[in-house]
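Asks: Dropping a structure here in structure tokens format, bear with me for questions.
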Amino acid sequence: MSGNTFGVLYCVTSFGESHGPAYGGVVDGCPPGLELSAADLQKELDRRKPGSSRHVTQRRETDTVEILSGVHEGKTTGTPIGFLVRNEDARSKDYAEIARKFRPGHADYTYWQKYGVRDPRGGGRASARETLVRVAAGAIAKKWLAARYGVQVRGYLAQLGPHRIALRDWAAVDANPFFAPDAGAVAALEEFMDALRASGDSCGARVNVVASGVPVGWGEPVYGRLDADIAAAMMSINAVKGVEIGAGFAAVEQKGSEHGDEMTPQGFAANNNGGVLGGISTGQQVTVSIALKPTSSIRLPRRTIDVDGRPAIVETTGRHDPCVGIRATPIAEAMLACVLMDHALRHRAQCGDVAPPTPPV
């Protein structure tokens, strides 16, 4: 299987399956001298891990990370950073009934058709549990970006099913299990999720991510566009079906006089382009929004076929997130951080000594 590595200079490779012994990753390209410990990765992994509330899967994993290489005496050495997170609470028997059936909306069918074999336990390689590797790699990227450029990457849940959530307070995001930026909205979200979970169904979500402090100049104008790489990274997250940069699809209804971000000596008047123009960062906040589909593994009976092509009914039992978007915020943050670090290194390699006469706005 190919396609397990992303990035050009900051490269992340993952391995492992949902019910295998462990997940692991290799980060190549991190510059030497960054102060780094397992605690830096653990902080972000704890935000993503399952079993954190009644609203997500009750699989109990500590997600304890062990750094295997690339760090000496508390600092990165410039060599590959290898890390491992062991699976501790796999219940493979939960998947015995669906081993020969394809869950509608899941990767079961396409994986089987492509490889002719699949690991049905927890989705195998297609499981969203793989995202813990991205979160660990993103923790490294976040720390380097903050230390080197003062870049801060933050995200929040902007919509859960029909419930839209306004950005009122960044401090509220990590104070509730939804990553909701409005403490006043949490009670309604809990009520909605309790009813959804009882019904056996699932729902989708929207997550917004913002990177502040990004300098002007990151990205390439044609094939290495910053926004294109961000979109690809976000679409690689399990269940993501839509990505918007800046105004996104709202730009369809805007006029050029509205959408074009006017410039003044004091700065840009708006940010409809999400901090990217012509594939290159403008120095404004980079803003990204992702849409996540409803979880495919639900208790309700669904029509499908089995591996022999015969009609069948599938009901998925076991432990699943009724909304994968609830735990997606740290994942989206991680992917944005990894892309930004990759482009920071690429920009530094070619244009690090460029000094244009026009001051940044």
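The values are calculated or read from the model by the stated rules, or taken from the named source; none is laboratory data. Here the structure is a predicted model, which means the values were calculated and not measured. FYI the Cβ positions are ideal-geometry reconstructions off the backbone, even for glycines, and counts take in every protein chain you see.
Asks: Restricted to segment 73-92, and to residues that are surrounded by fewer than 16 Cβ atoms within 10 Å (Cβ to Cβ) and touching a Lys or Arg at 6+ places or on another chain (Cβ under 9 Å), which residue is modelled with the lowest pLDDT?
Replies: Out of the qualifying residues, it is Ser92.
Asks: Same structure, new question: Any chance you could count how many residues in segment 243-268 are surrounded by fewer than 16 Cβ atoms within 10 Å (Cβ to Cβ) and in a strand (DSSP E or B)?
Replies: Of the residues in that region, 3 qualify.
Asks: Report yes if Ala198 is surrounded by 14 or more Cβ atoms within 10 Å (Cβ to Cβ) and not charged (D, E, K, R), otherwise no.
Replies: Taking the combined requirement at face value, the residue does not satisfy it.
Asks: Next question, about the same structure. Looking at Gly213, Gly248, which is the one that is on the phi > 0 side of the Ramachandran plot and touching a Ser or Thr at 6+ places or on another chain (Cβ under 8 Å)? Talk me through it step by step, then tell me what you get.
Replies: Values: Gly213 fails: touching a Ser or Thr at 6+ places or on another chain (Cβ under 8 Å).
Of Gly213, Gly248, the one residue that is on the phi > 0 side of the Ramachandran plot and touching a Ser or Thr at 6+ places or on another chain (Cβ under 8 Å) is Gly248.
Asks: Also, I was wondering about something else. Is at least one residue of segment 231-238 at pLDDT below 95, surrounded by 17 or more Cβ atoms within 10 Å (Cβ to Cβ), within 23 Å of the chain's Cα centre (by Cα) and within 28 Å of Cys338 (Cα to Cα)? Steps first, answer last, please.
Replies: First, the residues of segment 231-238 that are at pLDDT below 95: 238.
Imposing the further condition that a residue be surrounded by 17 or more Cβ atoms within 10 Å (Cβ to Cβ) reduces the set to 238.
Add one more test, that the residue is within 23 Å of the chain's Cα centre (by Cα), and what stays is 238.
Still in the running and within 28 Å of Cys338 (Cα to Cα): 238.
Yes; the residues of segment 231-238 include at least one that is at pLDDT below 95, surrounded by 17 or more Cβ atoms within 10 Å (Cβ to Cβ), within 23 Å of the chain's Cα centre (by Cα) and within 28 Å of Cys338 (Cα to Cα).
Asks: Could you list all residues from segment 317-347 that are β-branched (Val, Ile, Thr) and either surrounded by fewer than 22 Cβ atoms within 10 Å (Cβ to Cβ) or touching a Gly at 6+ places or on another chain (Cβ under 9 Å) (or both)? Even if it seems obvious, please write down each step before you answer.
Replies: Of all residues in segment 317-347, those β-branched (Val, Ile, Thr) come to 317, 324, 326, 329, 331, 339.
Within segment 317-347, Thr317, Val324, Thr329, Ile331, Val339 qualify.
Asks: A further question follows. Go through segment 159-188 and report how many residues are without any contact (Cβ under 8 Å) to a residue 60 or more places away in the chain and assigned to a helix (DSSP H, G or I).
Replies: Counting residues in segment 159-188 that are without any contact (Cβ under 8 Å) to a residue 60 or more places away in the chain and assigned to a helix (DSSP H, G or I) gives 10.
A quick yes/no check of all residues on (1) of a type in the set (Phe, Trp, Tyr); (2) touching a Pro at 6+ places or on another chain (Cβ under 8 Å); (3) farther than 24 Å from Ala291 by Cβ; (4) surrounded by fewer than 18 Cβ atoms within 10 Å (Cβ to Cβ):
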{"site": "Ala107", "(1), (2), (3), (4)": "no, no, no, no"}
{"site": "Thr110", "(1), (2), (3), (4)": "no, no, no, yes"}
{"site": "Val117", "(1), (2), (3), (4)": "no, no, yes, yes"}
{"site": "Ala126", "(1), (2), (3), (4)": "no, no, no, no"}
{"site": "Ala136", "(1), (2), (3), (4)": "no, no, yes, no"}
{"site": "Ile140", "(1), (2), (3), (4)": "no, no, yes, no"}
{"site": "Ala147", "(1), (2), (3), (4)": "no, no, yes, yes"}
{"site": "Tyr156", "(1), (2), (3), (4)": "yes, yes, no, no"}
{"site": "Pro162", "(1), (2), (3), (4)": "no, no, no, yes"}
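Asks: Test Arg48 against the criterion of being at pLDDT below 95 and either farther than 14 Å from Gly138 by Cβ or of a type in the set (S, T, N, Q) (or both), and give yes or no.
Replies: Numbers: at pLDDT below 95: yes; either farther than 14 Å from Gly138 by Cβ or of a type in the set (S, T, N, Q) (or both): no.
Against the criterion (at pLDDT below 95 and either farther than 14 Å from Gly138 by Cβ or of a type in the set (S, T, N, Q) (or both)), Arg48 does not qualify.
Asks: Okay, next question. List every residue pair whose Cβ atoms sit under 6 Å apart, with the two residues 6 or more apart in sequence or on different chains, where the first one lies in segment 261-277 and is charged (D, E, K, R) and the second, anywhere, is outside any loop (DSSP other than H, G, I, E, B) and surrounded by 11 or more Cβ atoms within 10 Å (Cβ to Cβ).
Replies: Pairs found: Asp261/Phe268.
Asks: Then there is this: If a residue has to be part of a helix (DSSP H, G or I), of a type outside the set (A, V, I, L, M, F, W, C) and modelled with pLDDT of 75 or more to count, how many in segment 93-111 make the cut?
Replies: 4
Asks: Now for a different question. Regarding Ala328, is this residue farther than 30 Å from Ala99 by Cβ and either touching a Cys at 6+ places or on another chain (Cβ under 6 Å) or of a type in the set (Gly, Ala, Ser) (or both)?
Replies: On the way: farther than 30 Å from Ala99 by Cβ: no; either touching a Cys at 6+ places or on another chain (Cβ under 6 Å) or of a type in the set (Gly, Ala, Ser) (or both): yes.
The answer is no for Ala328.
Asks: Give the residue, chosen from Ile298, Ile305, Ile313, Ile290, that is of a type outside the set (Ser, Thr, Tyr), within 24 Å of Gly7 (Cβ to Cβ), in contact (Cβ under 8 Å) with a residue 12 or more places away in the chain and not in a helix (DSSP H, G or I). Walk me through it before giving the result.
Replies: Working: Ile298 fails: within 24 Å of Gly7 (Cβ to Cβ); Ile305 fails: within 24 Å of Gly7 (Cβ to Cβ); Ile313 fails: within 24 Å of Gly7 (Cβ to Cβ).
Result of the check over Ile298, Ile305, Ile313, Ile290: Ile290.
Asks: Restricting to segment 118-135, count the residues that are within 27 Å of Ala38 (Cβ to Cβ) and outside any helix (DSSP H, G or I).
Replies: 1
Asks: Right, something else. Which one of these does Ser289 not meet: (1) modelled with pLDDT under 95; (2) of a type in the set (S, T, N, Q); (3) surrounded by 13 or more Cβ atoms within 10 Å (Cβ to Cβ)?
Replies: It is condition (1) that Ser289 fails.
Asks: I'd like to verify a number: residues in segment 30-53 that are free of Cβ contacts under 8 Å to residues at least 60 places away in the same chain and either under 29 Å from Val324 (Cα atoms) or small (Gly, Ala, Ser) (or both), how many?
Replies: Residues meeting the conditions: 7.
Asks: Here are some residues: Gly155, Gly138. Which one is small (Gly, Ala, Ser), in a strand (DSSP E or B) and closer than 26 Å to Val26 by Cα?
Replies: On the way: Gly138 fails: in a strand (DSSP E or B).
Going through Gly155, Gly138 in turn, just one is small (Gly, Ala, Ser), in a strand (DSSP E or B) and closer than 26 Å to Val26 by Cα: Gly155.
Residue-wise test of (1) in contact with a strand residue (DSSP E or B) (Cβ under 8 Å, 6 or more places away or on another chain); (2) more than 21 Å from Ala247 (Cβ to Cβ); (3) at pLDDT 95 or above.
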site: Ala269; (1), (2), (3): yes, no, yes
site: Asn272; (1), (2), (3): no, no, yes
site: Gly283; (1), (2), (3): yes, no, yes
site: Asp321; (1), (2), (3): no, yes, no
site: Arg348; (1), (2), (3): no, yes, yes
